[in-house]
Amino acid sequence: MTLAAAFVAVSMSAQVYVGGTANLNTHGSDSKTYSIAPEIGYQLDNQLGVGIKLGYGYTKNAPTPSTTTLSVNPYLRYNFVEVGKVKVFVDGGIYFATSKQKEADANNMFGINVIPGISYNLTNKISIAAHANPIFSWDVIAPAHSTCTNNIELLNDFGVDTFRFGFYYNF
């Protein structure tokens, strides 16, 4: 009975959200990058949530062939500051990605990442958010025909121009 009561209490305060981010970046006619990352999450309480992002990305930098990337990123979200309608959060998760350059074998990557973000509630149901690049990541890269490599990065490629913007619908 205690477990059932605890489950009901957690479920009543939980909130499901769906949405995601999109990114488009072009530099002239020879360079373009776009990505889309839909996600679904479950807010367990005011501070803690879990979710999963699915990603698709495309990059073309002439004269190199285009690259397509697919990714899966389950995460744990921690809201550590909430002021009015604004929330500052961090997503910590694991990911798997596969990246394939045209006419080449795929490269696989997996690792851990910590991604900060900020959201603003437009209404009780709709919010907008901005996610930065990871402030920490540990990546294991497994190229198709060579040795695996490890990368550990802290605040690499972190700046205002690296934010991805998205919308969320809260049920």
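Taken together, the values in this text are just the output of simple stated rules run on the coordinates, not laboratory data. Model, not experiment: these values are computed from the prediction. Cβ placement follows ideal geometry from the backbone for every residue including glycine, while neighbour counts extend to all protein chains displayed.
Return a single number: how many Lys pairs in the chain, at a sequence separation of 8 or more or on separate chains, have alpha-carbon atoms below 13 angstrom apart. Each step should come with its number before you reach the end.
Numbers: Lys32/Lys60; Lys60/Lys100; Lys60/Lys102; Lys85/Lys125.
Qualifying lysine pairs in the chain: 4.
How charged is the neighbourhood of Ala144? Take every other residue with its Cβ under 11 Å from the Cβ of Ala144, and add Lys/Arg as +1 and Asp/Glu as -1. Please list the in-between numbers first.
Working: positive: Lys100; negative: Asp105.
Spelling it out: positives minus negatives among the neighbours equals 0.
Taking the C-alpha atoms only, the angle from helix 2-13 to the longest principal axis of the chain is near 70 degrees.
Hey, fewest Cβ within 10 Å first, where do Leu154, Leu70 land in order?
Sorted ascending by nearby Cβ count, the order is Leu154, Leu70.
Karplus-based coupling profile of segment 89-103, in residue order and whole Hz: 9, 9, 9, x, x, 10, 8, 10, 9, 10, 10, 10, 8, 3, 6, with θ = phi - 60° in 6.51 cos²θ - 1.76 cosθ + 1.60 and x standing for Gly or Pro.
Converting phi to 3J(HN,Hα) with the Karplus coefficients 6.51, -1.76 and 1.60 and the offset θ = phi - 60°, segment 132-145 yields 8, 5, x, 7, 9, 8, 10, 10, 10, 10, 10, x, 4, 10 Hz in sequence order, with x at every glycine or proline.
Relative intensity of the chain on a log10 scale, I(q)/I(0) at q = 0.13, 0.19, 0.20 Å⁻¹, equals -0.72, -1.32, -1.41, per a Debye sum over C-alpha point scatterers of equal strength in the absence of solvent. For segment 109-123, the Karplus equation 6.51 cos²θ - 1.76 cosθ + 1.60, evaluated at θ = phi - 60°, returns couplings of 9, 8, x, 10, 9, 10, 10, x, x, 9, 10, 9, 7, 5, 9 Hz by residue, with Gly and Pro reported as x. Shown for segment 31-119 is the translational diffusion coefficient from the Stokes-Einstein equation, using the Kirkwood radius over Cα pairs, a temperature of 20 °C and a viscosity of 1.002 mPa s: 146 µm²/s.
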